[in-house]
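To start, the structure under review is shown below, and the notes come after it.
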Amino acid sequence: MNRAKNLDQLEKEQQWDVAIIGGGASGLGIALDSASRGHKTILLEKNDFAKGTSSRSTKLVHGGVRYLQNGDISLVIEALRERGIMRKNAPHLVRDLSFVIPSYDWWSSPFYGIGLKVYDMMAGKLGLGPSTILNREETLKYLPNVKKEGLRGGVIYHDGQFDDARMAVSLVLTADQEGATLLNYVEVTGLEKEKDMLTGIQITDCIDGSKKTIKAKVVVNATGVFSDQIIRMDQPEAKPMIRPSQGVHLVIDKSFLQGDHAIMVPHTTDGRVLFAVPWNGQVVVGTTDTPIDDALEEPIPMEEEIDFILENASAYMTKKPHRKDVKSVFVGLRPLAATNNNKESTKEVSRHHKIIVSTSGLVSVLGGKWTTYRKMAEDAVNTIQMVGGFQDRKCTTETLPILGNDFNVDFTNPYHFYGTEAPKIKALNPEKANQSLSEKLFISENQVLWAVQEEMAMTLEDVLARRTRCLFLDAYETEKIAPEVAKIMSKVLKKDAQWIEKELEKFSLILKKYQL
């Protein structure tokens, strides 16, 4: 997939059926669904694909045990069904993960055991395995590092785990194969109208500064936490439709958890659940749910959020994590669809999605969660077909394999998330395929070349944060390898020493946000 080729396509096409603003999970899902139904589709993202929320999740593909607790049954059923579909369509990216809820009183295990049996029942044939009540010895076998004092037992249940940014990149590549045109670093700066109806969008290429107007029969706003900005381009007086909240995650060494199972803490000091999840050789601990007023492209963790995670995780671990143990901190913003009840805490706001159509024809997709991205896209494209007066074509994404689809994948292989594409990457330079540029993280020169040549990575951040996950796994180690990665990129992109210097300067500002 090549940006220059996609820009040529943009120049050639006189009118698009569907123009999507936003390259996160929902926008990419819509691009894939729309293109696979045969609609001429373009997607524009002002930063990189999945730069925001869609690369900063807790890495879970789940029905949401907490939503069951809140009584949001329809969301849980939908998410569990989508979890099964996602695992079937992208088995190289989605895997089964068992979660243990440790219990320290006599009633917890039976109480959660019953709730999780309901969770299993809702998953039906798409379930990943039965939940089971554990005694004290069994709990310690699964979680050797869990706090032993007062431990009575636990419950084990099964959910899914994935690599969110790699899933997004795979969706980009799959949509490209289906005939969609996708561009990163192109900002939508305005909407075009005739007789109060939308006819297109004004765009600026963030790399060369060129401006253009493109025509589209339907314009889709899939910008997540920034949805209100696009809605106000269409209707300046519109009330806010998004209520953002932020979730902080800390990454610590795997020695704090030991073993391959995740901990789920059902009751933290703020009433949320907390996860400690093994991921790519490290442990992700999170998350928080803090309402915020301003959505930033690089959200900042608050001190009290960091303390909250460390304090609550420490209560359940024999080896207690401290600030000095945090290898990376990342913050995602949830694009919660606003309700009429602003007093409701953000943890109680439903994660259901909404699709609204303005009087001028702007289709906005609000809310939702990664697990249900495909269903959100299906609902959105059904609406798009009505708004655009298109032929009513049925959705095919339920059985559409995501590029790289491989059921025999070995998750211990550092190339596993490429699936069936992995041999092509290794073949770029067979001698260097298994040589890592880092002692602590696996990243090969081949991966950097592939990211630039085939996956539209334009910046150092694209390669180190999303095409590989170095920045999210260890921000300090990433700082050490950044100059070497920039050098490799510069050769492929035919850039000079000045470009390397600028990239490293830009990247160092981002790095600081991931370091405590």
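The values are calculated or read from the model by the stated rules, or taken from the named source; none is laboratory data. Worth saying up front: this structure is predicted, and the values here are computed from it rather than measured. Cβ sites come from the backbone with ideal geometry, for glycine too, and all protein chains shown count toward neighbours.
Quick notes on this one:
- Of all the criteria given as (1) part of a helix (DSSP H, G or I); (2) surrounded by 15 or more Cβ atoms within 10 Å (Cβ to Cβ), the one not satisfied by Leu403 is (1).
- Of all residues in the range 380-400 being within 21 Å of Leu93 (Cβ to Cβ) and among the β-branched types (Val, Ile, Thr), the one that is surrounded by the fewest Cβ atoms within 10 Å (Cβ to Cβ): Thr399
- Strands (runs of 3 or more DSSP E) fully within the range 133-203 that include at least 2 residues being farther than 24 Å from Ala35 by Cβ and in contact with a strand residue (DSSP E or B) (Cβ under 8 Å, 6 or more places away or on another chain): 153-162, 186-194.
- Residue within the range 102-116 that is within 27 Å of Arg56 (Cα to Cα), crowded, with 22+ Cβ neighbours inside 10 Å and at pLDDT 90 or above present: yes
- Given (1) among the small types (Gly, Ala, Ser); (2) crowded, with 20+ Cβ neighbours inside 10 Å; (3) modelled with pLDDT of 95 or more, number of the condition Gly368 does not satisfy: (3)
- Residues satisfying the stated conditions in the range 382-411, i.e. of a type in the set (A, V, I, L, M) and either at pLDDT below 95 or closer than 30 Å to Glu454 by Cβ (or both): Ile384, Leu400, Ile402, Leu403, Val409
- Selection status of Arg467, within 18 Å of the chain's Cα centre (by Cα) and on the phi < 0 side of the Ramachandran plot: yes
- In summary, strands (runs of 3 or more DSSP E) completely within the range 252-320 and bearing 1 or more residues that are over 20 Å from the mean Cα position of the chain (by Cα) and either more than 26 Å from Gly24 (Cβ to Cβ) or among the polar types (S, T, N, Q) (or both) occur at 262-265.
- Number of the condition not met by Ile510 [criteria: (1) under 25 Å from Ser170 (Cβ atoms); (2) loosely packed, with under 15 Cβ neighbours inside 10 Å; (3) not polar (S, T, N, Q)]: (2)
- Scanning the range 209-245 for residues that are out of contact with any helix residue (DSSP H, G or I) (no Cβ under 8 Å at 6 or more places or on another chain) and in a strand (DSSP E or B) gives Lys211, Thr213, Lys215, Ala216, Val219.
- Among the residues of the range 13-33, the ones that are surrounded by fewer than 24 Cβ atoms within 10 Å (Cβ to Cβ) and farther than 13 Å from Gly200 by Cβ come to 0 in all.
- Criterion: of a type outside the set (S, T, N, Q) and within 20 Å of His352 (Cβ to Cβ) - qualifying residue of Leu97, Leu7, Leu80: Leu80
- Residue selected from the range 129-143 under the condition surrounded by fewer than 17 Cβ atoms within 10 Å (Cβ to Cβ) and within 29 Å of the chain's Cα centre (by Cα), by the criterion modelled with the highest pLDDT: Pro130
- Taken across the range 210-228, residues that are without any contact (Cβ under 8 Å) to a residue 12 or more places away in the chain, farther than 23 Å from Gly361 by Cβ and over 25 Å from the mean Cα position of the chain (by Cα) do occur, with at least one present.
- Exactly one residue out of Thr181, Thr199, Thr223 is surrounded by fewer than 21 Cβ atoms within 10 Å (Cβ to Cβ), of a type in the set (Val, Ile, Thr) and not assigned by TED's automatic domain parsing to the domain that holds Val452: that is Thr199.
- Looking only at the range 277-291, residues that are within 25 Å of Pro244 (Cβ to Cβ) and either among the small types (Gly, Ala, Ser) or touching a residue at least 40 places away in the same chain (Cβ under 8 Å) (or both) come to 9 in all.
- The residue that is surrounded by the most Cβ atoms within 10 Å (Cβ to Cβ), among those in the range 40-61 that are among the β-branched types (Val, Ile, Thr) and farther than 19 Å from Gly368 by Cα, is Thr41.
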